[in-house]
1. Might you tell me the accessible area per residue for region 18-316, computed with a 1.4 Å probe and given in Å²?
2. Take peptides 256-263, 275-282, 228-235 and line them up by average Cβ neighbours within 10 Å, highest first, as a rough protection proxy.
3. Share of region 228-312's accessible area from carbon and sulfur, percent, 1.4 Å?
4. So what is the relative contact order of region 18-316, in percent, for Cα pairs below 8 Å that sit 6 or more residues apart?
5. In whole Hz and in residue order, list the ³J(HN,Hα) couplings for region 214-223 that follow from phi through the Karplus curve 6.51 cos²θ - 1.76 cosθ + 1.60, θ = phi - 60°; x for Gly and Pro.
6. What does the extension gain come out to for D161 and K173, with contour length at 0.36 nm per residue minus their alpha carbon separation?
7. Could you pull out every residue, at least 5 positions away or on a different chain, whose amide H is within less than 5 Å of the one on T83? Hs are placed 1.01 Å off N in the peptide plane, and Pro or chain starts have none.
8. With respect to the cross-link table entries K290/K325; K97/K182; K236/K269; K112/K182; K182/K254; K112/K290, which display a Cα-Cα separation exceeding 22 Å?
Amino acid sequence: MSTHSPTQTPNRLVIRQPDDWHVHVRDGEMLNEVVNFTARQFARAIIMPNLANPVTTAEAAENYRTRILGALDTHMDTHLEFTPLMTCYLTDTIDPKEIEGGFTRGIFTACKLYPANATTNSSHGVTDIQNIYSVLETMQRIRMPLLVHGEVTDKHIDIFDREAVFIDRILSKIVADFPGLKIVFEHITTKDAVDFVQAGNAQIAATITPHHLVYNRSAIFEGGIRPHLYCLPIAKREVHRLALRAAATSGSPKFFLGTDSAPHTVENKQSGCGCAGVFNAPFAIESYAKTFEEEDALDKLEGFASEYGPQFYGLPLNPRKIILKRTEVEVPKTLKIMDTQIIPFHAEETLPWRFAGFED
Ligand code: DOR
Ligand code: ZN
């Protein structure tokens, strides 16, 4: 529940600084360019471990964290404040001791379950949930959250059904077998997922992306194929989008912010076999603010963006406040990144709220 009321006038909204509970900041040259879009708005971020070489050890996570901190722009006033929260990529053979050690030393915040081959860089993921049962037992005991990419990978299951089938076949079983395990059902895209999380106990919550709140599956094909709207899990029918909007703006602490910002170069998106991912970090909080306003729920934005996530993870709320101003902001058509471009979410659109820095 909200611990205080956000200050709101028709033209200005001040909320506690938000966190991003799911983001891909990549590595190498790409990391240097993209992480600052996240650090500009968010105090903390759960960093996805699906690098080309997945992050499967505490040492790899520490090194990756060092690279992330090294990539922060020292000209930005946020660079000293941003905290990357590291995750461990689960494999069939991962050692529970590595996970427990990394968690108790404060290196890992959570573990990420990618079913093998579900998405980008997930080929080392888990092939059968039974293979990680001893890991899940350890995580339940130490109260370490499990972050779930909830899609089955069976090619015989229609891509639009993969989340619902995952709930039936796998997630229900994990929840039944590990009732004390903290689970974040990530980037949910269906009414089935909303209903499942709502009906569950306090150990299960979900993140919702900006883009799944904005468009449905028809939009991916509106007037032609739109590769920049392609992500996984793929957007579903309108009934599902409406259920996500209702959940995000409901004020329930089970639903909180996770952008799933996932940058790919324009060449890798606009290709015969384009990559999955929406790069929404540049205007993330602006996108959520627009959705919440459309739902007449701006008073619920702070809980969703800045309170329910830390409460679920058992972390303190951020002390700083950010300002959102009702000033139109034009989202650029492209962003120059490395020697190429990335197309941001909402490219060439005008958004009604602008992130305007911090309150003193
Ligand atoms: O669209 C997606 N992109 N979904 C994922 O699960 C992974 C992500 C990426 O890493 O590109
Ligand atoms: Zn993701």
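The values are calculated or read from the model by the stated rules, or taken from the named source; none is laboratory data. If you're wondering where the values come from, they're calculated on a predicted model, not measured in any experiment. Backbone-built Cβ (ideal geometry, glycine too); neighbour counts: all protein chains shown. The accessibility values were calculated without ligands, DNA or RNA, using every heavy atom of the protein model including side chains. Shrake-Rupley method; radii C 1.70, N 1.55, O 1.52, S 1.80 Å.
1. Ligands and nucleic acids excluded, the figure is 37 Å² per residue.
2. 256-263, 275-282, 228-235
3. Answer for region 228-312: carbon and sulfur cover 51 percent of the accessible area.
4. 17
5. Here the 3J(HN,Hα) series is 9, 10, 10, 5, 5, 4, 5, 10, 6, x Hz.
6. So the extension gain works out to 2.5 nm.
7. Answer set, sorted by chain and number: R44, A45.
8. Violating the 22 Å Cα-Cα cut-off are K112/K290.
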